[in-house]
1. Looking at (1) in contact with a Phe, Trp or Tyr (Cβ under 8 Å, 6 or more places away or on another chain); (2) assigned to a loop (DSSP other than H, G, I, E, B), which is the only condition Met143 fails?
2. Need the failing condition index for Leu100 against (1) touching a strand residue (DSSP E or B) at 6+ places or on another chain (Cβ under 6 Å); (2) not in a helix (DSSP H, G or I), just the number.
3. In this structure, is Met79 hydrophobic (A, V, I, L, M, F, W, C), loosely packed, with under 13 Cβ neighbours inside 10 Å, in contact (Cβ under 8 Å) with a residue 60 or more places away in the chain and in contact with a helix residue (DSSP H, G or I) (Cβ under 7 Å, 6 or more places away or on another chain)?
4. When you go through (1) touching a Lys or Arg at 6+ places or on another chain (Cβ under 8 Å); (2) farther than 23 Å from Pro146 by Cα one by one for Gly84, which number turns out not to apply?
5. Can you tell me how many residues within segment 49-75 are within 20 Å of Gly8 (Cβ to Cβ) and surrounded by fewer than 16 Cβ atoms within 10 Å (Cβ to Cβ)?
6. Given the criteria among the small types (Gly, Ala, Ser) and either touching a Phe, Trp or Tyr at 6+ places or on another chain (Cβ under 9 Å) or at positive phi (or both), does Gly168 qualify?
7. Take the conditions touching a residue at least 24 places away in the same chain (Cβ under 8 Å), in contact with a strand residue (DSSP E or B) (Cβ under 7 Å, 6 or more places away or on another chain) and farther than 24 Å from Leu107 by Cα and apply them to Leu10. Does it pass?
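The values are calculated or read from the model by the stated rules, or taken from the named source; none is laboratory data. On a predicted model such as this, the values are computed, not experimentally measured, just so you know. A quick note on method: Cβ atoms are made from the backbone with ideal geometry, for glycine too, and the neighbour counts reach across all protein chains shown.
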Amino acid sequence: MIGSEAVGALSQLLWMSPEDRVYALLDGASVPSLLDRLYGDRRPEFECLFRGELEPDMAEVAPYLVALERDGALAEWVMAHGWGNHWGIFAVSRADLRTLQFHLRTLNTVYSPEGKPMLFRYYDPRVLRIFLPTCGPEQVMQMFGPVDRFVAEGEAPETALTFTQVNGAPQTGTRQIVPRGR
């Protein structure tokens with residue numbers, strides 16, 4: 001859990017422009033009671049990143065794309081409780097939820113050298129921060145699609161990593177969201 005000062009700094013990093021739409025890509029396997037939040041009284045706009053009708057146990061551990069509102073209760077909860085706990089990553093885009101969902105679903109499956117399909121957990125910040133910097137231009141363009149930037153927790157929860165791309169070259173930035181020494 002991070003404090004209100006860090007949540008404020010993270011919020012500023014996510015909503016840098018009035019046109020930015022901020023989405024959380026949340027891993028149901030890592031977020032306690034995620035479905036209760038998504039289907040609760042204040043139902044946010046969200047979509048599952050797996051296709052089709054899911055069995056209840058699979059729905060509980062599936063990844064979800066959730067539209068966040070600046071200063072909204074869900075955004076506050078995700079930032080305050082999920083940051084540092086590998087709940088997921090953030091995607092900043094000007095695209096609508098459906099467009100982004102369609103794109104992100106194309107990333108769910110990768111293939112082994114033997115051609116075996118495997119689930120790609122790019123929405124886990126521990127995976128994203130290792131994978132993206134190693135990508136070539138074609139992979140970078142495929143990963144980003146309509147996403148302007150990804151934001152993920154660093155190895156230390158005091159830092160936020162931003163991932164952008166310029167002509168297919170991955171760019172990584174680091175920002176302290178908790179002042180040093182706290």
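1. (2)
2. If we test Leu100 against (1) touching a strand residue (DSSP E or B) at 6+ places or on another chain (Cβ under 6 Å); (2) not in a helix (DSSP H, G or I), just (2) comes out false.
3. Judged against the criteria, Met79 is not a match.
4. (1)
5. The qualifying residues number 5.
6. yes
7. Values: touching a residue at least 24 places away in the same chain (Cβ under 8 Å): yes; in contact with a strand residue (DSSP E or B) (Cβ under 7 Å, 6 or more places away or on another chain): yes; farther than 24 Å from Leu107 by Cα: yes.
Spelling it out, Leu10 is indeed touching a residue at least 24 places away in the same chain (Cβ under 8 Å), in contact with a strand residue (DSSP E or B) (Cβ under 7 Å, 6 or more places away or on another chain) and farther than 24 Å from Leu107 by Cα.
Okay, residues lined up against (1) modelled with pLDDT of 95 or more; (2) assigned to a strand (DSSP E or B); (3) small (Gly, Ala, Ser):
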position	(1), (2), (3)
Asp36	no, no, no
Arg43	no, no, no
Asp57	no, no, no
Arg70	no, no, no
His86	yes, no, no
Val92	yes, yes, no
